[in-house]
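Chemist: My questions will all concern the structure given below.
The values are calculated or read from the model by the stated rules, or taken from the named source; none is laboratory data. This structure is a prediction, so every number in the text was calculated from the model and none was measured. Cβ: placed from backbone, ideal geometry, glycine included. Neighbour counts: every protein chain shown.
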Amino acid sequence: LSSTDCRFGLNELALQHIKEALEGLPEQDRYGSLIWDEIHIKKKLHFDSRKFEFDGLTDFGDETEEIDVAPGLADHVLVFMFRPYKQSWVQTIACYATRGATPGHIISNLVTKITTVLFNHSAIVRNTVCDGAGPNRTAMTMLIGKKAVKEGRTYFNHPMSDQIKVFCMSDVPHLMKTTRNQFLKYGKVQFTDSVADFNYYELMYNVEKKEQLKMVPHLTHA
């Protein structure tokens, strides 16, 4: 690892390996998911004597000059990866260091660029997966179009081909977590015109705990 040139931005070596793995395969065998997530990191400035530069600052790689980001110590890292449908591997392809959560319009631009770059390396993105954070929802709205979202559309056209649809999805674990947090904080969750009340679950538990044969045996007080 010490001999690897680890930098923020697109990983050209990873992209080349993806191309070698998928090039020449039928189109449907080159379909896959573009997945991203953002993590919080500890602020720390470190001088790399090998590269003779400081690490720990905001860094979008080659896109830094094109993207209007707040300079300073980075406290978040945004990571993108590609997962082909018919292969058993997953490959990280880009990471970016930013100060604060990455804004939705920047994520939208990055998704468009990365989808295009992957296409040029024989990988075809057919869906995106991310959590339901505000910036991600903004990015999805920008990619699909505000009017189209209101009409119920869940996809945008691939930047390299209008014949390819890229569907936007939220990952289920994060949806379950945010639903749980909503229940714990407010006691209710609204979906379209309906409201789910946590009291329903409490009533069900109080009835179930008295029965030997339970309909929802995994429902516990915890």
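Chemist: Listed residues Thr178, Thr192; which is touching a residue at least 12 places away in the same chain (Cβ under 8 Å), out of contact with any Lys or Arg (no Cβ under 8 Å at 6 or more places or on another chain), not basic (Lys, Arg) and not assigned by TED's automatic domain parsing to the domain that holds Thr112?
Modeler: Details: Thr192 fails: touching a residue at least 12 places away in the same chain (Cβ under 8 Å).
Criteria check complete, one pass: Thr178.
Chemist: Among (1) surrounded by 15 or more Cβ atoms within 10 Å (Cβ to Cβ); (2) without any contact (Cβ under 8 Å) to a residue 60 or more places away in the chain; (3) in the same structural domain as Gly61 (by TED's automatic domain parsing), there is one condition Gly145 misses while meeting the rest; what is its number?
Modeler: (1)
Chemist: Restricting attention to segment 78-105, and to residues there that are among the β-branched types (Val, Ile, Thr) and modelled with pLDDT under 95, which single residue is farthest from the chain's Cα centre (by Cα)? If you could, list the steps in order and put the result at the bottom.
Modeler: Residues of segment 78-105 among the β-branched types (Val, Ile, Thr): 79, 90, 92-93, 98, 102.
Those left that are additionally modelled with pLDDT under 95: 98, 102.
On the way: Thr98: 15, Thr102: 12 Å.
Only one residue tops the list, namely Thr98.
Chemist: Tell me which strands (runs of 3 or more DSSP E) are completely within segment 1-90 and hold 2 or more residues being touching a Cys at 6+ places or on another chain (Cβ under 9 Å) and touching a residue at least 12 places away in the same chain (Cβ under 8 Å), or say none if there are none.
Modeler: Result: 31-40, 76-84.
Chemist: Quick one: would you say Ser194 is of a type in the set (Gly, Ala, Ser), surrounded by 11 or more Cβ atoms within 10 Å (Cβ to Cβ) and over 19 Å from the mean Cα position of the chain (by Cα)?
Modeler: Criteria not met by Ser194.
Chemist: I've got another one for you. Between Val117, Val166, which is part of a strand (DSSP E or B) and either touching a residue at least 24 places away in the same chain (Cβ under 8 Å) or aliphatic (A, V, I, L, M) (or both)?
Modeler: That would be Val166, the only listed residue that is part of a strand (DSSP E or B) and either touching a residue at least 24 places away in the same chain (Cβ under 8 Å) or aliphatic (A, V, I, L, M) (or both).
Chemist: Which of (1) modelled with pLDDT under 90; (2) assigned to a helix (DSSP H, G or I); (3) not small (Gly, Ala, Ser) does Asn136 not meet, given it meets every other one?
Modeler: (1) is the only condition that Asn136 fails.
Chemist: Within segment 110-142, take every residue that is basic (Lys, Arg) and closer than 17 Å to Lys19 by Cα and give me the one that is surrounded by the fewest Cβ atoms within 10 Å (Cβ to Cβ).
Modeler: Filtering segment 110-142 for residues that are basic (Lys, Arg) and closer than 17 Å to Lys19 by Cα, the one surrounded by the fewest Cβ atoms within 10 Å (Cβ to Cβ) comes out as Lys113.
Chemist: Another question, then. May I ask you to say which residue of Asp131, Asp162 is acidic (Asp, Glu), more than 15 Å from the chain's Cα centre (by Cα), in the same structural domain as Leu25 (by TED's automatic domain parsing) and within 30 Å of Leu13 (Cα to Cα)?
Modeler: One residue alone meets the criteria, Asp162.
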